[in-house]
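Single-structure report; data block below.
Computed from the coordinates by the stated procedures, all read-outs in this text should not be read as laboratory data. If you're wondering where the values come from, they're calculated on a predicted model, not measured in any experiment. Glycine also receives a Cβ, built like all others from the backbone with ideal geometry; neighbour counts cover every protein chain displayed.
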Amino acid sequence: MAPPWRILAGKTAAITGGTTGIGRAITLEYLRQGANVAVNHLGLPHDEKHRASLVEAAAALRDESPQAGQLLEMAGDVTDPRTSEQLVAAAVQQWGALDIFVANAGIFRACAFLDIDKTLFDTSMAVNVNGAFYACQAAARQMVKQGSGGAIIGVSSISALVGGGLQVHYTPTKAAVLSMMQSMAIALAKHRIRCNALLPGTIHTQLAEDDMQNETKRAYLEHRIPMGRVGKPEDMAGPAVFLASDDLSGYVTGSQLLADGGMFVHLQ
């Protein structure tokens, strides 16, 4: 059912990693809420089905509700600063401005600490930390140039707050995103740019597919979540709308929004 009013009507958003998982869910909800959205994807052959699926879903959404926003998608590697610069430029060229940016692109592969090699560690840092930094900087530069404020959201993780024996290469990257958003909030407040971190708990995305298919692992994860279920990508869409909306979160910056079904408090 289409929303009776559209929270992000007339806004332009850009999202890295916007064709799969959490990024896809946020993209579709932003479109549903009236925003025009430019998304980035890696552009490898195996990404094509995800890109095509998002384009199809966006078209169906517009058929259902002509007031839904428009979609622009483009390929690029976030570890290259030019990718985010081009994504921002494309959004501005298409729709005139950039109001919302979501640094969502990230990678994760569980690995025992003693088995983590240089390639895995460096790649995790390059995508999750460097990529987020380049993306946020490109967005902030455009928002400062416009002079009308904006909202930047960094997708961090509950892993920024708790350790994981198979995540020694991953948890520092998500802690970095959280810290980055806090420091950016201070640096950009004078420009009326709000910067916040979204911290998902355990979410059933492609990154967690192996655990979801293993009944023992899934049961273990569900046992640690007071709400009794693993999250869905769509569970992150509402919080991402909240953080993007000046009407709903206009006095919120430098914050961390933990959306984990109660997992963090249960682990304490």
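Hydrophobic, long helices, defined as DSSP H runs whose alpha-carbon span along the helix axis is 18 Å or greater and whose mean Kyte-Doolittle value is at least 0.5, occur in the chain at 171-188. The radius of gyration of the Cα set in the chain, together with its Dmax, comes out at 17.7, 53 angstrom.
Note on region 1-84: with charges restricted to the Cβ of Lys and Arg (+1) and Asp and Glu (-1), its dipole about the Cα centre is near 260 debye. The length gained on full extension between Q256 and Y220, counted as 0.36 nm times the residue separation minus their Cα-Cα distance, comes to 10.4 nm. When Rg and the Kirkwood radius Rh are both evaluated on Cα atoms of region 117-268, their ratio Rg/Rh stands at 1.00.
Given +1 at the Cβ of Lys and Arg, -1 at the Cβ of Asp and Glu and no other charges, the dipole of region 40-106 around its Cα centre is 40 debye to the nearest 20. Working from the Cα coordinates of region 27-149, the gyration tensor eigenvalues give, after taking √(5λ), semi-axes of 28, 20, 11 Å in decreasing order. Using a simple spin-label model with pseudo-atoms 7 Å out from Cα toward Cβ, A126 and V168 lie 2.2 nm apart. Proximity of backbone amide H atoms, modeled 1.01 Å from N, is registered between A259 and L199, G201 at under 5 Å, excluding neighbours fewer than 5 places apart on the same chain.
Of all lysines in the structure, the ones whose alpha carbon falls short of 25 Å from that of K49, not counting any fewer than 8 places away in one chain, are K232.
If the segment from L248 to M74 were pulled out straight at 0.36 nm per residue, it would be longer than the present Cα-Cα gap by 59.7 nm. Express in whole angstrom the spacing between the alpha-carbon centres of region 61-117 and region 20-36. The two parts, judged by their Cα centres, are 11 Å apart. For chymotrypsin sites (Phe, Trp or Tyr not before Pro), the sites in region 237-268 that DSSP calls loop and that have at most 15 other Cβ atoms within 10 Å are Y251.
Farthest towards the positive end of the charge dipole of region 183-268, among the residues L267, Y220, H204, is the Cα of L267, using unit charges on the Cβ of Lys, Arg, Asp and Glu. Springs between Cα atoms under 10 Å define the GNM used for the chain, and in it the highest mean-square fluctuation of R82, R109, R51 occurs at R109.
Charge dipole (Cα centre; +1 on Lys/Arg Cβ, -1 on Asp/Glu Cβ; no other charges) of the chain amounts to roughly 680 debye.
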